[in-house]
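Colleague: One structure follows; several queries about it will come next.
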Amino acid sequence: MKTSPAGITILLLAAMLMCIPACSQRHEASFGGLEQGMTRDQVRELLGAPSTTFYATEELRAEAGGAYRERWQYGDNLSTRATGAMFPESAPDRVWVVVFDEDGRVASFRTPRPSSEPWRDDVK
């Protein structure tokens with residue numbers, strides 16, 4: 001039996017989709033180990049590589065009230081990456097966030113914020 005390129009592509013996509021919940025579970029389980037003052041290396045060892053990294057320009061820092069120098073996000077998808085590209089000064093609610101200070105140490109972090117409103121009226 002010969003496998004077509006389309007069949008291989010479908011199998012690869014299915015395998016990737018099965019990994020998404022595992023990635024989220026890893027972040028949920030490991031995020032409790034984060035502490036203020038940890039270094040980038042300690043965070044990377046605990047959580048792995050971030051899905052997205054934002055570096056604040058001086059202009060963005062001014063717009064965000066000097067809030068961060070570097071922000072790592074975990075659990076990004078296409079939608080949250082697009083939101084980050086349009087509004088880089090703030091992190092989307094659906095991702096885990098680690099903010100580093102000017103010395104490269106954790107200044108703050110947060111877990112995803114649950115949505116207060118359903119995305120459709122007929123869905124709860």
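None of the figures in this text is laboratory data; all of them are computed from the coordinates on show. It should be emphasised that the depicted structure is a prediction, and the values quoted were computed from it without experimental measurement. Here the Cβ positions follow ideal geometry from the backbone for every residue, glycine too, while neighbour counts run over all protein chains shown.
Colleague: Please order Val99, Val43 by the number of other Cβ within 10 Å, starting at the fewest.
Modeller: Val99, Val43
Colleague: List the residues, sorted by chain then number, that are 5 or more residues from Ala56 or on another chain and whose placed amide H is less than 5 Å from its amide H.
Modeller: It is Glu70, Arg71, by chain and number.
Colleague: Would you calculate the separation in nanometres between label points at Gln36 and Ala49, each defined as 7 Å from the Cα along the Cα-to-beta-carbon direction?
Modeller: About 3.1 nm separates the two model spin labels.
Colleague: Compute the distance in nm between two label points, each set 7 Å from the Cα along the Cα-to-Cβ direction, one at Ala29 and one at Glu59.
Modeller: Simple spin-label model gives 4.3 nm for this pair.
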